[in-house]
Structure formats: C-alpha cells, structure tokens
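The values are calculated or read from the model by the stated rules, or taken from the named source; none is laboratory data. Predicted model only: the values in this text are computed from it and were never measured. Here the Cβ is made from the backbone with ideal geometry for all residues, glycine too, and neighbour counts use every protein chain on show.
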Amino acid sequence: MKYASVPLNQNQNGWLKYDQLPTAYPPLIGDTEADWVVVGSGFAGIAFARRLAAHAPHLRIIIIDAACAAESSSARNSGFIIGLPHNIGSSTAELKKAQAYRALLQEGIHQLSTLINQQDIECEWEEVGKYHCQVDTRNERVLKEYTDNLDVMNEPYQILHQDALYQQLGSRFYHKGIYTPSAILVNPASLIVGLSHNLPDNVTAYNHTPVMAIHPGKVAQVFTPYGTIKAANVMLATNALSRELAPITSQQAAMATFASITAPLTIEQRQKLPAMSSWGLTPVNAIAGATLRYTRDHRFLIRQHVTPALHGRITAAQTYHATQLHQRIFHKIYPQLKDVPLTRTWSGTISVTRNGAPVWGELKKGIYTAGGCNGAGVSKQTIAGTLLADYVLGHDNPLIGSMLELGKANYLPPSPVLDAAIALSLMKERYLGRKEV
C-alpha cells in the first residue's frame, strides 16, 4: 500500500500566544464508522462539517486533522479576509465571473461575521480595509489596472502617494498605494480555533490523526495510524496537501509561504512612527513583494518568500533562511526600527492551480473536495465548504451556480516536470518584481 505524505512545519505558528495555546481534541484510537469523514480542520472543512450537520442532524460526521486547527494552514495565514476578486479582466464573461466571485467572497464574510457574533469568538476582527502598494516608481500599469477594475465593479477606493502613505504606514518605502475599505483583518488562529470549538453536536473531531490512505468504494475506508474509519462519503479539505489521497490526476500544487512577527513595540519605539491604528498591506507583486500588517498590540507582521512544498514539509533550515530574509526586509522598510526584534517565523501552505480556478465538487463517487484556494482562503474557503454541503445534500442555493461559474482547474503535470515549471514561474515573478523589495 502506498501511504500519503504527512504535512510538517518545523516551526511554530506565530499567531498563537504562549498563554493561549488551545486544548486539542484527542486522536482517533480504534476503528469506527460514520456517515461522513471530513479530512482537514481548516476553513473549508469546518464550514462543510457545520453546514452538513445543520442540514442533517441525524448524520454522524467525523472531522480529522493530521495536527489540529491551531496548526493548520488556515491558522497560519496573514489574517486578511478579502471581499474582492484579485483579477477581473475586460471581457463580458470575465466580468460575469468576477461578479460571481465577489458575491461568493462577500457571503463568506457574512457567514463568518454572523458566527463570531453568535459564538462570541474573540479573533481581533477589525473592519479596517487594506492598502495595495507599489515600490517601483516606473511601473504604473498594475495599479492602473487595479483601479480600472474597482471602477468597473463600483467599489470605493482612495489613491495615496508617498507622504500620505507615510502618515498611515510609518514608512516612505512605498511610492504609491490604493486603499480599499472592504477588507477585514483578524487573528486567523483565534478565528479557526474558535470555529472548530463550536461545531454541532453530531460532529466529532479528532486531532493528530493523519490519513495515510483512502480506499473508495460503496463504503470508503479511511486509514489512520491507530484506527480505520468506514464511511459512505469523504470530503477532502486538504487543498494540495496529501495529494496521494485524491483519486484524480493532480490539479493543484502546494506552495509554502513564510511570515515573521515582531515583539510589541515599546512606547519609545512607537514614538519613531506617526500615530497609527491597525492596518494591512499587500504588494503589487505577491511573489516578490512583502505583505505587511501592523496589529492592534503594536506588532509588525512580514510575509515574504514563496517556495514549492509539494509534500507539505518545511525544514528548520528553510525557516531560518526566511527569518534572515524578513529581518533584512523589515530594516529596509523601517530603518528607524532596527532595534525591534522578530520573535517568531512560521510557514503555511497555499494551494495553487494553473488557471486560478478552484478544485470543487465530486472527484469520484463518494469523494468530494473544496480546494484550490490560490492564496485567498478565509472567505473563499468558508463559502466553498458551505456550498459543497448544500450541493451534496441537494439543497437549492443560487450561489452554487456562482461557484460553478468560477470554472474548473486545469491539469498539472507530475514531478519532475511540475517542479521545473514552478521553479521557472517563481524565478520569472521574482525578476519582474525585483524592485518591490
């Protein structure tokens, strides 16, 4: 039997506070049965299990994770909840697709907002918008295309130049930026942990229970190290991780991104900056540029560096390299804060598809998935998991049509062709964006 790879990050999630590490669910020990098994306790898996349980309280649903929600890729992201599509296009079909995408993202935000209020989840939810910024003074094309798209969708925005950006961000590193008010910032670990601890009674969760193999059939068998689950249906909420579990040819690849966070700034250090509230910043080049956040407890987050992680395994050496890189970038953007230390560096995986479309729906009889997040996962994967539950139960939801309008992910070749293609693509993006760091 060929066993699936088990994701591993040799680093600790920096969003988790030392005194607030969540209590884990126990691992699965022994054989059991269920109507549904959900593999993965990130945003898609949790949303799917919740919706399925709400529609069908008679079903027995098991959700399992190789680690736990607090250490999942969902907990390790930068904490942006985006309500707008990144790319729109100009044709009628592309505009229609963008409108469908926006409706999906905004419904995902609505669901999350409702849940945190109903379940009293403290996740540092802040409706503060975000800045999309450019360093290179010579290339105005990307920001112009961005504002053109915002105009088409009748979305509000504000153009800011270097001096105005300094007052908001405390740095003169950026030449120009576009502020949009619709984005939300959160502590993603607190959010996903809160959601996972408030599941319906007919959902049972097991942590530290990696799935080694799945044998599909009239009754699927899900093999774990200390027990086997027999279930009529399986939902894979692993994105591109554990690729061996998917019963179809590869359509998505796992990429690792790295983030670091500083110690809270002292009063003396904050006096070197203008008065600032929380903010988030995305770069015009997502591969070469740096994503930044300034948190409510006066810390800076820096996310930069993308590398292939086809088996989801990140070494301590890779984390060390990212830490050194982030330190240099932070000092470049904030030379006045060279005495501010980084306190933790961690990695998380995103799922990338060739054409940006999701991997969503039935893969094989009894095996379903909601994946292919392409780096915009919180609201997107929340609604993708919710709609998949509606879809499998036959519940009418007009947004299922919007989900289908996003299209299907294209085929990706196997290794080593895939490895070479990813390396070339990353090299190209880093060269094009070399002025952005």
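Per-structure values
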| quantity | calculated |
| --- | --- |
| All positions within segment 366-397 that are in a helix (DSSP H, G or I), under 30 Å from residue 285 (Cβ atoms) and not aliphatic (A, V, I, L, M) | 379, 380, 381, 382, 385 |
| Residues that are touching a residue at least 24 places away in the same chain (Cβ under 8 Å), of a type in the set (Lys, Arg) and surrounded by fewer than 17 Cβ atoms within 10 Å (Cβ to Cβ), drawn from segment 320-352 | 332 |
| Criterion: surrounded by fewer than 16 Cβ atoms within 10 Å (Cβ to Cβ), over 15 Å from the mean Cα position of the chain (by Cα) and of a type outside the set (A, V, I, L, M) - qualifying residue of 407, 433 | 407 |
| Check on residue 238, outside any strand (DSSP E or B) and either at positive phi or among the hydroxyl-bearing types (Ser, Thr, Tyr) (or both) | yes |
| Qualifying residue in segment 29-39 (condition: modelled with pLDDT under 95 and assigned to a loop (DSSP other than H, G, I, E, B)) | no |
| Top-ranked residue of segment 207-239 - restricted to ones that are closer than 22 Å to residue 8 by Cα and aliphatic (A, V, I, L, M), ranked as surrounded by the most Cβ atoms within 10 Å (Cβ to Cβ) | 237 |
| Those residues of segment 203-222 which are among the hydrophobic types (A, V, I, L, M, F, W, C) and in a strand (DSSP E or B), in sequence order | 203, 205, 213, 214, 220, 222 |
| Tally of residues being over 12 Å from residue 183 (Cα atoms), hydroxyl-bearing (Ser, Thr, Tyr) and either crowded, with 18+ Cβ neighbours inside 10 Å or at pLDDT 95 or above (or both) across segment 83-140 | 3 |
| Selected residue [among the hydroxyl-bearing types (Ser, Thr, Tyr), farther than 24 Å from residue 389 by Cα and either in contact with a helix residue (DSSP H, G or I) (Cβ under 6 Å, 6 or more places away or on another chain) or assigned to a loop (DSSP other than H, G, I, E, B) (or both)] from 260, 250 | 260 |
| Per-region count, segment 141-174, residues on the phi > 0 side of the Ramachandran plot and surrounded by 12 or more Cβ atoms within 10 Å (Cβ to Cβ) | 1 |
| Residue within segment 51-64 that is crowded, with 24+ Cβ neighbours inside 10 Å, modelled with pLDDT of 95 or more and assigned to a loop (DSSP other than H, G, I, E, B) present | no |
| Breaking point among (1) surrounded by 21 or more Cβ atoms within 10 Å (Cβ to Cβ); (2) out of contact with any helix residue (DSSP H, G or I) (no Cβ under 6 Å at 6 or more places or on another chain), for residue 204 | (1) |
| Among residues of segment 240-252, those that are surrounded by fewer than 24 Cβ atoms within 10 Å (Cβ to Cβ) and hydrophobic (A, V, I, L, M, F, W, C), counted | 3 |
| Of all residues making up segment 272-294, the number that are buried (at least 18 other Cβ atoms within 10 Å of the Cβ), of a type outside the set (A, V, I, L, M, F, W, C) and in a loop (DSSP other than H, G, I, E, B) | 2 |
| Flag for residue 415 being in contact with a strand residue (DSSP E or B) (Cβ under 8 Å, 6 or more places away or on another chain), of a type in the set (Ser, Thr, Tyr) and either at pLDDT below 90 or buried (at least 19 other Cβ atoms within 10 Å of the Cβ) (or both) | no |
| Conditions (1) of a type outside the set (S, T, N, Q); (2) assigned to a helix (DSSP H, G or I); (3) more than 19 Å from the chain's Cα centre (by Cα); number of the one not met by residue 174 | (2) |
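A quick yes/no check of all residues on (1) under 22 Å from the mean Cα position of the chain (by Cα); (2) in contact (Cβ under 8 Å) with a residue 60 or more places away in the chain:
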residue: 186; (1), (2): yes, yes
residue: 196; (1), (2): yes, yes
residue: 203; (1), (2): no, yes
residue: 208; (1), (2): yes, yes
residue: 219; (1), (2): no, no
residue: 232; (1), (2): no, yes
residue: 242; (1), (2): yes, yes
residue: 246; (1), (2): yes, yes
